[in-house]
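The values are calculated or read from the model by the stated rules, or taken from the named source; none is laboratory data. Since the structure is predicted, the reported quantities are computational estimates derived from the model, not experimental observations. So basically every Cβ, Gly included, is an ideal-geometry build from the backbone, and we count neighbours across all protein chains shown.
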Amino acid sequence: MPEIATVCPYCGCGCGLYLHVRDGRLIGVSPSRSHPVSQGRLCVKGWHAHEVVDNPNRLTHPLVRREGNLVVASWEEAAEVVANGLSKVLESEGPQAIGVLGSARCTNEDNYVLVRFARGTLRTPNIDCSARVQCVPGPAPTSGGPSLGAGAEEIADLDSADLILLVGSDPTEEHPAVAARVYRARQRGARVVAAAARAHPLARLADVHLPVRPGSEVRWLGSLLHLLLAEQGFAADADMPGLSELRASVAGLRPEDTEAATNVPAEALREVARLYLSSKQVVILYSTGLALSTVAGPALQALGSLAALSSRGGGPEVSVLGLLSRNNLQGCRDMGVAPDSLPGYVPLNDDAAVARFEQAWKCEVAREKGLRAWEMLGRVRAMYVVGDDVTRSLPDADAARRALEALDFLVVQDIFMSPAASMADVVLPAAAFAEREGTWTNLERRVQGIRKAVAPPGEAREDWRIVADVSRAMGKPLPYESAKQIFEEIADLASIYAGIAYPPAAVNGGIRWPTPEGRKAGETVAGSGEAEVTALSAEALKGPGARAETNEEYPLLLAADPTLRPWDGEVTVCHTLTSAGEFAVVARDYPDGMLCLNPEDAKRFGVRGGRPARVVSPKGESQMQVRVTEEAPEGIALVPYNQAMHSGLMEISTDPETGRPVLAPTPILVGPVQ
Amino acid sequence: MTARMLPGNKIDEFAVRLMRSAEVVAPRRVGEEDVFYGAIASPDEIAWDYGTAVEPLKRFLLPQREPILRFSTNGRIRVGAEYDEQQRVFLGVRCCDVTGVAVLDAMYGGDTVDPYYMSRRERSTFIALTCQQPEPHCFCVCGDAGPFLEGGYDQQWTALPEGMLVEIGSAAGEALVRDNEDLFAEAEVDQVAARYRLAREAEQKFGEFKSYIAGAMRKLSMNEVAPAVWEQAADRCMECGGCTYLCPTCSCFTVTDRMAGQDGVRERHWDACLYSCYAREASGHNPRPEREDRLRARFFHKISHQWAVRNGRQACVGCGRCVLGCMGWAHTPAVSEGIRRGVMT
Amino acid sequence: MNNPYLPKLATIQKVKVETYDTTTFTLRLDDSGERKAFEYRPGQFVELSVFGAGEAPFCISSSAHGRDDFDLSVRKVGRVTGVLHEMGEGGQVGIRGPLGNCFPFEEVKGKHILFVGGGIGLFPLRPQIQDVYRERAQFASVTVLYGARTPEDLVYQDELEQWQQQEGMTCLLTVDTAADGWSGNVGVVGSLLPKVSIDVSNAVAFVCGPPIMIRFVVQDLSGMGFGDDAIITTLERHMRCGIGKCNHCMIGDKWVCKDGPVFSYREMRAMAEFEE
Ligand SMILES: Cc1cc2nc3c(=O)[nH]c(=O)nc-3n(C[C@H](O)[C@H](O)[C@H](O)COP(=O)(O)OP(=O)(O)OC[C@H]3O[C@@H](n4cnc5c(N)ncnc54)[C@H](O)[C@@H]3O)c2cc1C
Ligand code: SF4
Ligand code: SF4
């Protein structure tokens, strides 16, 4: 029974685990104790990771739609159909009419080859990944600055922190391996502050819980900055660029005055400021709870300012760690699955760098800025989708589904028949994580090798191989034979991965980029930026605005909570036994949505736990089952984000710059079903 | 005590001879520095100097997933079963893990024998290795399962400078000596004395997680646990299932049917009583809807007097794997302490 | 080795639709030797395999007397029950069991017997009712109280009619919500209890139904003076193996599958969890 060291395929933590194989089948999983992230632990998903691979529901053969039905085809036929379908659109409408989606689940190699396929073979700049909707809009993580996720921060910082600030993050649900470290830090005496509307377990255990009203994230952070700068005499370096603007922007944000808008009691905020100033090492964790806020960008800037002030002003040492949701969301970004850059965050206008890619790829590269995932819908005529599903990630799930249905041609590569795949013209079966080699990059930028333990079912094969086959069928073969070869090309062209030898063994936790060599190789590499502070935007301080205000007609605020059961319904989880145990409850007991209500609100609106309630908003009307829980604050109803996406109840707010859509807090009326 | 001496230079030879007639499962290093019990191809692989293996022996007796029925729906239905009939010697495995098997025996034997388990169990021989340096998470002294055993093994080895002092605990253990008489020497009186001295010394070396389960057991069995303790434990549990999966004696399973064409297989899979759907009935009624209800049920099964009577001993052996594997902070020592003090830290 | 996981094959003899979601299947073991060896008592259950869909526990809902086949009455709620409901006569299934303990019979002779059933809780009671009535002279009196949500949810309608008319037996029905054409009692099944006049000091009550109904009826019975040993129920729990290995049905220090499913109220009180 050999143990095969690899990496968990679920969240961005990237836990090390061992797969057990017998007679060519996966029969179990064990955690790795020596792995720097898992340290001998796995969450429920990791413990069941083998089931996602050895699963009767896997796609095993290429499927082509004929007379409305998906029927089995050979790889040659399928590649031919895909090539023809894409060529037709290319001929009639040009490359701009094709959109390509990469995957936060697939390997770096898959994503890299897909970028080459999109920008080289198809010559379309429209390449993105819909999971990116969960990333804070703003500069790429390489542009420096302590808050933007490419410094030295790592999960292990938690081991020496004396204050941990959870900002819109419930790691017990989203990043269990990180939560494990928070529990241990707390146990050794570190203090914990949780800022989130929901009183999640770590918030209940925290020294201070700030029950932040969704949408007011910038405001309470502004108040904290005000406290530190004005009241607590934070020794800020007066020469710091931007400091006076920041001061001005938070002047007057006395916690007493922001209390009503943020739900954060002034005394609690003062306590946080005191804790902050008496700490030596602070770790700030944020995840989708912040990143999917309507004011995510400015909020993250505020955190960046806080960290910068500290580093220049003799305050505590601060690491800001952005917790990415998926196993390879980081790598997917690194590989240039983005409309505005090439692998390694190479800007499209950097002639010399682009020329290197063109030379290596022996073709011209589409250099214009393309459409983002959410912009593609309704604008492109054909889509090529690898391990991604807009109907599961974009806030208006039904609109996303309609947009897919309206396409002339849709190709989906996946390991299961995902909702997107079931709408496709061609479905191509991919090899799962234990059936192939390659690398993933975790949320601390650990590049880790995954290993092949078993053969793929039927005719499934690696995503990059499928893409290469399609490219060949279009007359442009891509010369790749192995993951190693692809990785070496990546390390050569994308300076951020320079110095990483393949395979970066998972047992050691892989290798974090940038390596010293990588730092030398690229000027664009992370962490080089000066610490900066910026003024808080007046707009963001206001929050989501009038549309999110409760009133007589709609007296309750409905907030979609992305940290609440974030894995429910996820295609790779719902086919495992975790869905019979752990993950089934919400799906089974609350199939139409779990409306979490504070007991007081439940009483006030006359609804009972376990019973359906009628929910009305300015946008629509729906029924959801009520769960009465102290986790929900009074006056705010919480629904898992992935259920809210289908509810048709919520306002959608778009980022002014990137057009990124997120669900905005929406006022509602709740009542019993007649 | 019947004891013999296996000189240091004969250990490998003994292992090689064992390998001729059985699969020898021993601790060995995997990856960087993880130790797993696994089948060895050569005695060189054995990591004699390990602390606790990442996992107990459970996987060898109760795999994480295993077929329990094969059937064919082609025409009239046919059903059949197959058993793992591999002979195995578990060599150099920890006392706590060997004791854990005794609990599994109680649960999978008894008046209704589980044939898949028993087929493996009957073909297993356990050579325990005593622990001279417990690790910080260990508390087998409170689990009555180490660091040295007084029985329950086929053989128990203690590493002495001259070699292994071999205590014989069963006929099977005795047969292994008899069949390899040429390798064994008589044990001297001071070698036996050394074993007892080492045992006493080892008992002094236990760390912070010494769990004092007895106190917790009393309160749990008498239904005297402050309800707040379960609520506090619930906030420290993430329902990962790790404590149950890593536990040498947790053995719940669930069952699924799976078809490939007209051939089907019924498989059982490890399950965990802490999962929210574990006790949920098809009607939607969940007798243990809250995490605190499930934690209470789990600890009742692990360390109540009532179950200790039914299983022949308390189910917790003190291997400490839940301490290492707990995603939160609701492992047995933490919860036992909470039960005793009426509050969790 | 004797393998308790190995099902015996059985064939569906008869399918009788009871209500919109409940059907009674009459099953007969295929092998005549197994048929002879298949001895069961009221209160016991079997694990039924629908091959490919899975296995689920069902109480045997018919008396063993004079029959070499037996009934399972099944409400359609999920995977196994869903596929079973699609099967017709001649369909092949698997049976493990009989499993679990049974209702006391000899021990309660000479007593007033009260059955209280709610919804599909009548399934396990039915064989006991049939057996008790067969030996009616041995018992002081026999009363059946049965309630369902609506008249549409009443199971065994023919038999209920028969019981209502039968000599030596009182059978009262009620529904939570009446519908057109219902002239009987309306209210929860506990509301029928005041209509029962028996000597509770020499009586035993068999109670079966949804957890909430059991809780209230048991309270009422205690109030009427039934002792803790004179109230007997069967419990339902999520079960996988039926033989005390998978542990899904564990309550406190008991397995419902092995130590039950029949328990006295005294035993139930000892099962800590039940008190919540
Ligand atoms: C002693 C006893 C006697 C009973 N007697 C009767 C009776 O006479 N009549 C009657 O109608 N009912 C009876 N029941 C209830 C009956 O057993 C359940 O209704 C039945 O198990 C439902 O099975 P299902 O597969 O149709 O339902 P499902 O809900 O599909 O499954 C039941 C359980 O299986 C699990 N499950 C569901 N999906 C999956 C999956 N994909 N993978 C793994 N597990 C899954 C769930 O955890 C669920 O709790 C009895 C129960 C017990 C314990
Ligand atoms: S914490 Fe994340 S990486 Fe670790 S086991 Fe769980 S899902 Fe996998
Ligand atoms: S290991 Fe810890 S977190 Fe995981 S289920 Fe057990 S008690 Fe809960």
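Side notes on the structure shown:
- Checking A:GLU51 against (1) more than 16 Å from ligand 3 (Cβ to nearest atom); (2) over 26 Å from A:MET423 (Cα atoms); (3) at the interface with chain B (Cβ under 9 Å from one of its Cβ atoms), the condition it does not meet: (2)
- Restricting the first member to the range A:17-44 and to residues that are in the same structural domain as A:TRP440 (by TED's automatic domain parsing), and the second to residues that are within 16 Å of ligand 3 (Cβ to nearest atom), no beta-carbon pair is closer than 9 Å while six or more apart or on different chains.
- Selection count, the range B:301-342, where residues are farther than 29 Å from B:ASP111 by Cβ and away from every other protein chain (no Cβ under 13 Å): 6
- Residues within the range A:30-47 that are part of a loop (DSSP other than H, G, I, E, B) and either away from ligand 3 (no atom under 13 Å from the Cβ) or farther than 29 Å from B:PRO67 by Cα (or both), tallied: 8
- Every residue from the range B:248-267 that is within 16 Å of ligand 1 (Cβ to nearest atom) and within 18 Å of B:GLU55 (Cβ to Cβ): B:CYS252, B:PHE253
- Scanning the range B:310-332 for residues that are over 17 Å from A:ARG41 (Cα atoms) and surrounded by 21 or more Cβ atoms within 10 Å (Cβ to Cβ) returns B:GLN314, B:ALA315, B:CYS316, B:VAL317, B:GLY318.
- Unmet requirement for A:GLN39, which otherwise passes all of (1) away from ligand 1 (no atom under 16 Å from the Cβ); (2) at negative phi: (2)
- Matching residues in the range B:114-143 - criterion: being acidic (Asp, Glu) and over 19 Å from B:CYS247 (Cα atoms): B:ASP114, B:GLU122
- Check on A:SER74, more than 23 Å from A:GLY322 (Cα to Cα), at pLDDT 95 or above and polar (S, T, N, Q): yes
- Filter pass, C:ARG79 being farther than 20 Å from C:GLY121 by Cβ and near ligand 1 (Cβ under 9 Å from one of its atoms): yes
- With respect to being within 16 Å of ligand 1 (Cβ to nearest atom), under 21 Å from A:GLU437 (Cβ atoms), facing another protein chain (nearest Cβ under 8 Å) and not β-branched (Val, Ile, Thr), A:HIS20 falls outside the description.
- Within the range C:64-91, residues that are assigned to a loop (DSSP other than H, G, I, E, B) sit with their Cβ atoms under 6 Å from residues that are buried (at least 17 other Cβ atoms within 10 Å of the Cβ) and among the polar types (S, T, N, Q), at 6+ positions apart or across chains, in these pairs: C:ASP69/C:THR26.
- Within the range B:257-276, restricting attention to residues that are touching an Asp or Glu at 6+ places or on another chain (Cβ under 7 Å) and facing chain A (nearest Cβ under 7 Å), the residue that is farthest from B:GLY328 (Cα to Cα) is B:ARG258.
- From the list A:ALA197, A:ALA273, A:ALA261, A:ALA185, the lone residue that is under 25 Å from A:GLU630 (Cα atoms), in a helix (DSSP H, G or I) and touching a helix residue (DSSP H, G or I) at 6+ places or on another chain (Cβ under 9 Å) is A:ALA261.
- Looking at the range B:239-344, the helices (runs of 4 or more DSSP H) lying wholly inside it that each contain 3 or more residues that are out of contact with any His (no Cβ under 6 Å at 6 or more places or on another chain), within 16 Å of ligand 2 (Cβ to nearest atom) and not hydrophobic (A, V, I, L, M, F, W, C) sit at B:242-246.
- Selection from the range B:221-247 of residues that are away from chain A (no Cβ under 14 Å) and either within 16 Å of ligand 1 (Cβ to nearest atom) or over 17 Å from B:ARG291 (Cβ atoms) (or both): B:SER221, B:MET222, B:ASN223, B:GLU224
- Taking the listed residues A:VAL192, A:VAL167, A:VAL182, the one that is surrounded by fewer than 24 Cβ atoms within 10 Å (Cβ to Cβ), within 19 Å of A:GLN281 (Cα to Cα) and not hydroxyl-bearing (Ser, Thr, Tyr) is A:VAL192, with no other qualifying.
- Among the residues making up the range B:134-151, a single one is touching a Pro at 6+ places or on another chain (Cβ under 8 Å) and either among the aliphatic types (A, V, I, L, M) or outside the structural domain of B:SER170 (by TED's automatic domain parsing) (or both): B:VAL141.
- The set of residues in the range B:113-131 that are in contact with a helix residue (DSSP H, G or I) (Cβ under 8 Å, 6 or more places away or on another chain) and not hydrophobic (A, V, I, L, M, F, W, C) comprises B:ASP114, B:TYR117, B:ARG120, B:ARG121, B:SER124, B:THR125, B:THR130.
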